[in-house]
Amino acid sequence: MLQAHVYGDFNSSHGFLRARACWTIQRFAAAKFSNRDNLKTAFEGVRVLLLNDKELPVTIEASFALQSLLQKQPATKDLLAPHVGNVIQKLLVSIKETENEDLTYVMQELIEKYSEDIHTVAVPLVTELVKTFQAMLEELAEAEDEDNSSYKTMTAMGILNTIQNLLSAVSQNKKIMPKIENILADLISTVLKGGIVDYYEEIFQMIQILTALRVTSVMWNVLFQMYEAFKNDGHDYFPDMMGALHNYATVDSSKFLSNPQYIEIMYNISKTVLKKQESEDPQYNALKLVEVIIVNHRGKIDHMLHMFMSLALDKLAQSVQTQELRAMALLVVVAAIWYNPLLAMHLLDKYKLPNSSESVVEQFFNQLFSDAEVFIGIHDKKVAVLGLCELIMHPSAPKPFEHIADKLIPYFITLLKNLRVAYQLRREEENDESEEEEGEEAGEEDEELESEDDEWDDEGTEYLTKLEEFVPGDMSGMFDLEHLECFDTILDDEETSPCEFTTFKRLLEFLMQNEGGHEVLMKCVDDDLRKDMESLIQYADRETDRKRSEMIEHQG
């Protein structure tokens, strides 16, 4: 049918019929082409019209037809590959002339499909996209028609999203990225200094991509611009800023600490959010940023630790808070204890609760132990285990055994049992993804873990049930909670971070050598808890063997 009634109109002298032919191809793009030559004819007809037709409506319909073919006919990708550069250039012209938002989606489709081939045109493409965006900003500043302004704004957002896709495609290219970065610096500055909040989300995502692998002097300057934008009118956009701020705090630690203003910016932003924002999400992110900074700069920010801890303790002192937010505030303090047990406990003891003479230390640990099940993610539980182990094993840090003796070991066991389940869930998910590739190796691993099956059945069901109580939605696996742990720290690197299970085993060995501490902490441990401890010690040994085997395998 297409051959008999449509293909001929590609060459019609009437623009309407040429456009209609392209429109028809869109509608039949998902059809099964039994003859590859017919698909090639459809593609060539669309491509030629897109690149060469003088009628703008024809080139627009041809662009949409090409997008449909790329989406529905995989063979189209190879057919277009030799022409993709020319098509992108033509699309740029069409976007400038029409300011059509849908054309930006066609551009994004091309960048996604040809991410490996886009490098040669990346710099001129970004240059033209930035020029088009800035021209739209000028037009928007003068526009009086509200409907037209809204349409232009959406198209401008589409351009920024296209730039983001392009950045993602070439982010590993060390030759191209500095050039692109310099081009985008002016665009970022225009939006942030101009307070053009409509584009803050896209701009912050762009900054996140630009700082993901390295942070140049140009991008460090952008941090100051972000801070000024935040102070002026950007409080509501803090969650969108979080990814970029995380990069600034973690990608280049030495540079981050070389200028006191950088960490002061992080502190001031977090403090402002915690004091002025009423919704939970920004506050949670602010506390997470604080925790990331504490963990990733262990031993290097002693002068700031009391300020960061105070942010969390002030939040804990407030009466209105959700379980998740309270858990995040608790985690900041535990991270500080892991950072430096002696200093953190000194600061905790000095903190004064308003209208209360009760010990903050006692209140903190009571709350921490009662919220053991509120620590949902792997990272949170791991930090809690490592932090308390550091406190108990530190030779000089105060040991508040009289306050926590009857709760400490049960607390460790609860966290570690849940962690064991969480790790197994994650490994099963990874195994499911690579089951066909691993074959016999997966079977061997299953056999090794077979002795734990009964344990897993009970613990796993119990753990997932508790997760469902705290987090709404589909809980077929805890790793749907990406928003809780997407901002990683040095403790999330399994290859280099300490193992919480072997650390707990070291703690028990330490207590055996310390008769006083051992007696105080172990007197409340019943037979069931002792069995759990033995099981966790065995798991720690297996983890040690597994990591040793992986290291040997990695070394060849």
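Before moving on, here are some points about what is shown:
- Taking each residue of region 371-385 that is assigned to a helix (DSSP H, G or I) and looking for partners that are polar (S, T, N, Q) with beta-carbon atoms closer than 6 Å, six or more apart or interchain, yields Ala372/Thr414; Val374/Gln323.
Residues checked against (1) closer than 26 Å to Met136 by Cβ; (2) open to solvent by less than 20 Å² (accessible area, probe 1.4 Å); (3) polar (S, T, N, Q):
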| position | (1), (2), (3) |
| --- | --- |
| Thr59 | yes, yes, yes |
| Phe64 | yes, no, no |
| Leu69 | no, yes, no |
| Lys77 | no, no, no |
| Leu80 | no, yes, no |
| Ile88 | yes, yes, no |
| Leu91 | yes, yes, no |
| Ile95 | yes, yes, no |
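- The combined condition, being modelled with pLDDT under 85, out of contact with any strand residue (DSSP E or B) (no Cβ under 9 Å at 6 or more places or on another chain) and loosely packed, with under 10 Cβ neighbours inside 10 Å, is fulfilled by Gly473.
- Boolean, Asp102 is charged (D, E, K, R), under 32 Å from the mean Cα position of the chain (by Cα) and either open to solvent by 20 Å² or more (accessible area, probe 1.4 Å) or modelled with pLDDT of 90 or more (or both): yes
This table checks each residue for (1) within 16 Å of Ala19 (Cα to Cα); (2) of a type in the set (Phe, Trp, Tyr); (3) at pLDDT below 90; (4) in contact with a Leu (Cβ under 6 Å, 6 or more places away or on another chain).
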{"residue": "Pro57", "(1), (2), (3), (4)": "yes, no, no, no"}
{"residue": "Ile60", "(1), (2), (3), (4)": "yes, no, no, no"}
{"residue": "Ser63", "(1), (2), (3), (4)": "yes, no, no, yes"}
{"residue": "Asp78", "(1), (2), (3), (4)": "no, no, no, no"}
{"residue": "Gln89", "(1), (2), (3), (4)": "no, no, yes, no"}
{"residue": "Ser94", "(1), (2), (3), (4)": "yes, no, no, yes"}
{"residue": "Ser115", "(1), (2), (3), (4)": "no, no, yes, no"}
{"residue": "Glu128", "(1), (2), (3), (4)": "no, no, no, yes"}
{"residue": "Glu139", "(1), (2), (3), (4)": "no, no, yes, no"}
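- Residue pairs meeting the criteria (Cβ under 8 Å; at least 6 apart or on separate chains; first open to solvent by 20 Å² or more (accessible area, probe 1.4 Å), in region 276-288; second of a type in the set (S, T, N, Q) and part of a helix (DSSP H, G or I)): Gln277/Gln283
- Test: residue in region 294-304 that is over 17 Å from Leu167 (Cβ atoms), buried (at least 23 other Cβ atoms within 10 Å of the Cβ) and at pLDDT 95 or above: yes
- One residue from Ala344, Ala336 being of a type outside the set (S, T, N, Q), touching a residue at least 12 places away in the same chain (Cβ under 8 Å), crowded, with 23+ Cβ neighbours inside 10 Å and within 21 Å of Leu245 (Cβ to Cβ): Ala336
- Within region 409-429, being closer than 16 Å to His379 by Cβ and open to solvent by less than 40 Å² (accessible area, probe 1.4 Å) holds for Leu415, Leu416, Asn418, Leu419, Arg420, Val421, Ala422, Tyr423, Leu425.
- Any hit, region 348-357, residues being open to solvent by less than 60 Å² (accessible area, probe 1.4 Å), within 28 Å of Ala405 (Cβ to Cβ) and among the aromatic types (Phe, Trp, Tyr): yes
- Remark: pairs (first residue in region 529-549, under 18 Å from Ser497 (Cβ atoms); second residue assigned to a helix (DSSP H, G or I) and among the hydroxyl-bearing types (Ser, Thr, Tyr); Cβ separation under 7 Å; 6+ apart in sequence or on different chains) = Ala540/Thr502; Glu543/Thr502; Thr544/Thr502.
- Matching residues in region 253-271 - criterion: being charged (D, E, K, R) and either open to solvent by less than 30 Å² (accessible area, probe 1.4 Å) or closer than 23 Å to Val332 by Cβ (or both): Glu264, Lys271
The values are calculated or read from the model by the stated rules, or taken from the named source; none is laboratory data. The model shown is predicted, which means the values in this text are computed figures rather than measured ones. Cβ sites come from the backbone with ideal geometry, for glycine too, and all protein chains shown count toward neighbours. Areas reflect the complete protein model, heavy atoms only, side chains present, ligands, DNA and RNA absent. Shrake-Rupley method; radii C 1.70, N 1.55, O 1.52, S 1.80 Å.
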